[in-house]
Amino acid sequence: MSTPHFDPAKKIRVAVLGATGYAGVELIRILLQHSRVKLAVVTSQQYVGKRISDVYPALADRCDMILDDIQADKVAAESDIAFTALPHETSTAVVASLIERGRRVIDLSADFRLHNPESYGHWYHEHQRPELLSSAVYGLTEIHRKEITEASLIANPGCYPTGAVLGLAPLFRHHLVQETVVIDAKSGVTGAGRSSVVELSFSEVNENFKSYNIGVHRHTPEIEQELSEIAGEGVSVLFAPHLLPINRGILSTMYVKLRPTPDETAVAEIYREFYKGEPFIRIRPPGRFPETKDVRGSNDCAIGFRYDPRTEKLIVITAIDNLVKGAAGQAIQNLNLICGWPETYGLQSSSLIP
């Protein structure tokens, strides 16, 4: 099936499926600021028939659209591109139906991120449409820009992998990494989605800080897949996620043993050259580290590092907003790319201060 192309001078009709989840409503918040987009369809499994502004009163008089259930024929007829912000393993059938109807899809679930169906089956369940995995392009814009441009199906990256891969990609591209990298990452509560599970309730999260799923988190194969492709050889990482008592933001601290003894100035030049011209990558001078508040509400990824000669480790730290660069913002960056617009359209906002 040929990939639909668009006239960059015309507005594009978009659908947001799963509009009442955190990623979905973040998509709407940003799309409402996008001058080249018409929001045509919004859906929800839980709130069918209600106005989205009834679910999120902050949208009143800005977006009062009625939430539909998901009907592939209707979505395909009324939109040009669909964002699917649905739970893992729910997206598969919906995405397949839209692709078959000639629509381009940017999927925010994990259903199409892994290329290998056996790997997907190990970390999730047996994939229901494995034939689509080979055609899906991993939507980490700074790494796969060329492939994304022509893709019918873009698998938007997970939030943790976005911060980790962007922080490590220059080192693996230059074959500088000597040992298994430890990725110590901390996320705000919205990274788990809009859920009512006890573990995410206020009394459980407030004034608390905990690790979870160390070594078995489902984002591990995603990180390894991307770093292996960048390095041109198999890569294993030790991924240790933690839950922060904040709404949004991810801070990833990565400990890297490099092959030659590094010079911080040379490392800084490698990063600056690798990300030259990238509008959303912010490289800090050596020894200056990003914080989650530096990127809150923005599509930026801030990167800092320091070499510790005593332990012979390079410490790389990245900060992203998990709902923007880690989800909705990156999806819209990819939308801009496939539509032939500047990638910054709708995403020019700097971080919220304070």
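Quick notes
- Partner aspartates and glutamates for Lys257 [C-alpha distance under 20 Å; skip if fewer than 8 residues away on the same chain]: Glu179, Asp184, Glu224, Glu226, Glu229, Glu233, Glu269, Asp308, Glu312
- Counting only DSSP H runs of at least 4 residues, each contributing -39500 (n - 2.57), and dividing by the residue count of the chain, the helix-based mean residue ellipticity at 222 nm comes to -8000 deg cm²/dmol.
- Surrounding net charge for Ala40, when Lys and Arg each add one and Asp and Glu each subtract one, Cβ distance under 13 Å: +2
- For the stretch 160-322, the ratio of Cα radius of gyration to the globular rule of thumb 2.2 N^0.38 Å stands at 1.04.
- Whole-Hz Karplus values for the stretch 107-118 come out as 9, 9, 8, 8, 5, 10, 7, 8, 6, 9, x, 5 Hz, taken residue by residue from phi with 6.51 cos²θ - 1.76 cosθ + 1.60 and θ = phi - 60°; glycine and proline positions read x.
- In the structure shown, the pairs Lys210/Lys325; Lys146/Lys276; Lys50/Lys74; Lys38/Lys146 are assessed against 20 Å; a Cα-Cα span above that value is assigned to Lys210/Lys325; Lys38/Lys146.
- Convex hull projection area averaged over all views, the chain, Cα basis, nm²: 17.5 nm²
- With contacts taken as Cα pairs under 8 Å and at least 6 residues apart, the chain reaches a relative contact order of 17 percent.
- Among Leu108, Leu323, Leu132: highest mean-square fluctuation, GNM of the chain, C-alpha pairs under 10 Å: Leu132
- Footprinting exposure proxy ranking of Met65, Met254, fewest other C-beta atoms within 10 angstrom first, gives Met65, Met254.
- Principal-axis tilt of helix 159-173 within the chain, Cα atoms, nearest 10 degrees: 50 degrees
- Listed by Cβ neighbour count within 10 Å, with the fewest neighbours leading, Lys210, Lys325 appear as Lys210, Lys325.
- Table column - 3J(HN,Hα) (Hz), the stretch 24-41, Karplus curve with 6.51, -1.76, 1.60, x for Gly and Pro: x, 6, 5, 4, 5, 4, 6, 4, 5, 9, 9, 6, 9, 10, 10, 6, 9, 9
- Cross-link reach list, aspartates and glutamates versus Lys10, counting only Cα pairs under 20 Å and skipping chain neighbours closer than eight places: Glu78, Asp80, Glu150, Glu343
The numbers here are math on the coordinates, done by the rules we state, and not lab data. No experiment lies behind these values; they were computed from the predicted model shown. Positions of Cβ are generated from backbone atoms using ideal geometry, with glycine treated the same way; all protein chains shown enter the neighbour counts.
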